[in-house]
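The values are calculated or read from the model by the stated rules, or taken from the named source; none is laboratory data. None of the values given here were measured: they were computed from a predicted structure. Positions of Cβ are backbone-derived with ideal geometry, glycine not excepted, and every protein chain shown enters the neighbour counts. Note: areas computed on protein heavy atoms with side chains; ligands, DNA, RNA excluded. Shrake-Rupley method; radii C 1.70, N 1.55, O 1.52, S 1.80 Å.
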Amino acid sequence: MGLRLFNTMGRTLQDFVPITPGYVGFYGCGPTVYNYAHIGNLRAYIFLDTLDRTLTFLGFKKKHVMNITDIGHLTGDADAGEDKMLKTAKERHESVLEVAKFYTDAFFKDIDSLNIIRPDVVCKATEHVEDMIELIKRIEANGHTYMAGGNLYYDVSTYPDYGKLANLNLDELRAGARIDIDQNKRSPYDFVLWFTKSKFENQALTWDSPWGRGYPGWHIECSAMSIKYLGEQFDIHTGGIDHIPIHHTNEIAQSEGATGHKWVNYWLHNEFLVIAKGDKMSKSSGNFLRLQSLIDKGYDPLDYRFFLLGAHYRKQVYFSWEAMDGAKNARQALVQRLAKLAQAAGGAKALAAGKDYAAGEASNPQGLSAPAQAYLADFRAALENDLSTPVALSQIQKVVKDASLSPAEALELVRRMDSVTGLCLAEKAVTLLETATATPVSPSHEEDSEAAAIDALVAERSAAKKAKDFARADEIRNELAARGITITDTPQGPVWERK
């Protein structure tokens with residue numbers, strides 16, 4: 001079939017055709033390091049990691065670039081609000097760079113705990129200001145800018161395709177636009193490329209530039225750094241859906257305003273994590289849970305990874321502790337089944353924990369039996385269908401239960417599949433075997449855990465239906481059906497049974 005991805009630019013599922021055959025350059029928006037990442041933020045990086053691992057699984061060479069925003073990102077994406085970095089620095093009585101280092105280290109601690117592969121290039125905004133200045137010069141030379149109130153603005157009227165990513169109609173938007181945000185702007189949708197007249201006295205970090213001493217606007221950093229490391233046109237740009245209307249829209253305008261040609265071929269965006277009452281996870285709303293919050297409640301970070309992989313990246317995910325319990329039990333049951341297979345295949349050494357696969361090696365069916373090849377093909381097809389992780393996970397669940405596969409071959413399939421899911425299944429099964437060498441893994445406990453996991457998914461489906469998220473409810477029903485579970489809705493509530 002080949003890889004197909006949902007391109008936000010055009011809102012269609014498209015065949016993925018890289019610019020250079022066999023090689024993918026992609027850029028993912030990184031964190032603004034003024035506070036801890038919350039678990040909603042971390043969904044974006046698990047999605048990015050799934051993309052990274054899938055590309056390797058499918059045989060692509062790749063270059064993954066991610067920025068670290070350690071310069072003045074305002075609390076409002078449209079040049080509004082306070083400077084997040086400066087605000088935190090004042091609260092902590094530290095320098096901006098001290099704040100940035102502390103939260104950058106905390107971010108990567110979370111990333112490592114979730115078994116997320118670090119990007120090939122991690123670039124800090126503070127280390128690329130000269131690149132931003134050079135890009136702004138090109139934008140200015142092409143007639144897209146004006147000075148007002150001491151700041152350099154991008155004039156969106158000079159770029160006819162402005163808003164194409166978000167399907168914005170500027171004429172309609174202008175009719176109801178607020179005009180009191182920044183009186184220096186000719187249009188409310190113009191944005192700052194370079195600040196010299198800050199709203200804040202004694203701005204912490206400033207640089208000399210052709211427009212005066214100041215600092216760059218937030219949007220320009222991603223354009224400058226992605227072009228530096230990936231070239232003036234590359235394959236994929238990712239981010240959360242909240243980046244579509246302003247940040248990514250402005251990135252396109254300024255990048256294509258500088259180069260004069262198409263910048264990115266495929267735009268991929270992950271949906272929000274929402275709590276039970278339907279609000280997205282965010283720091284400003286108070287719906288703020290860190291990964292450490294989950295750890296403190298007894299969850300392994302990989303339980304959260306499993307939870308997220310159970311939903312498609314373009315679907316909203318409803319967070320609840322019941323759903324986390326379900327993910328925890330289901331992951332543990334999977335590890336226990338894998339440990340039993342390893343026992344049957346000769347013990348912990350049969351798991352060959354820690355094996356790394358070269359590009360395309362894990363998806364190569366050579367040497368596998370026909371049934372094993374069929375599982376691998378179905379797993380690959382799920383990934384090629386816009387990274388459908390729920391279906392991919394269901395293939396792992398089927399493999400560990402299929403008695404027609406030899407234990408050794410089932411283990412090999414799980415290792416290959418887990419090179420994409422990143423759940424460290426072999427490593428966790430080794431640990432389980434090593435801590436229970438005198439006591440065989442209990443089948444009854446395993447089945448109890450699996451039943452609890454199914455109960456949790458059924459409860460999540462009921463909550464999704466109550467919230468009118470029928471797409472998620474159907475997704476859960478289909479996931480359970482793939483595992484041989486049917487759900488019957490009765491006046492007393494849903495009842496599940498095995499086929």
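From the list Ala377, Ala382, Ala408, Ala372, the one residue that fits, being in a helix (DSSP H, G or I), surrounded by fewer than 18 Cβ atoms within 10 Å (Cβ to Cβ) and touching a Pro at 6+ places or on another chain (Cβ under 9 Å), is Ala377. Within the range 438-465, restricting attention to residues that are of a type in the set (A, V, I, L, M, F, W, C) and over 28 Å from the mean Cα position of the chain (by Cα), the residue that is modelled with the highest pLDDT is Ala451. Restricting attention to the range 386-405 and to residues that are part of a loop (DSSP other than H, G, I, E, B) and touching a strand residue (DSSP E or B) at 6+ places or on another chain (Cβ under 8 Å), the residue that is surrounded by the fewest Cβ atoms within 10 Å (Cβ to Cβ) turns out to be Asp386.
Counted as qualifying within the range 50-146 are the helices (runs of 4 or more DSSP H) with 1 or more residues that are at pLDDT below 95 and over 26 Å from the mean Cα position of the chain (by Cα), namely 84-92, 96-113. Across the range 298-356, the qualifying residues are those that are over 16 Å from the mean Cα position of the chain (by Cα) and polar (S, T, N, Q), and the one among them that is most open to solvent (accessible area, probe 1.4 Å) is Gln343.
Of the residues making up the range 1-26, those that are among the aliphatic types (A, V, I, L, M), open to solvent by 40 Å² or more (accessible area, probe 1.4 Å) and either in contact with a helix residue (DSSP H, G or I) (Cβ under 6 Å, 6 or more places away or on another chain) or outside any loop (DSSP other than H, G, I, E, B) (or both) are Met1, Leu13. Yes or no: Pro216 surrounded by fewer than 22 Cβ atoms within 10 Å (Cβ to Cβ) and either modelled with pLDDT of 95 or more or on the phi < 0 side of the Ramachandran plot (or both)? Criteria not met by Pro216.
Yes or no, residue by residue, for (1) crowded, with 16+ Cβ neighbours inside 10 Å; (2) in contact with a Leu (Cβ under 9 Å, 6 or more places away or on another chain):
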position: Glu91; (1), (2): no, no
position: Thr104; (1), (2): yes, no
position: Lys109; (1), (2): no, yes
position: Ser113; (1), (2): yes, yes
position: Ile116; (1), (2): yes, yes
position: Cys123; (1), (2): yes, no
position: Ile133; (1), (2): yes, no
position: Lys137; (1), (2): no, no
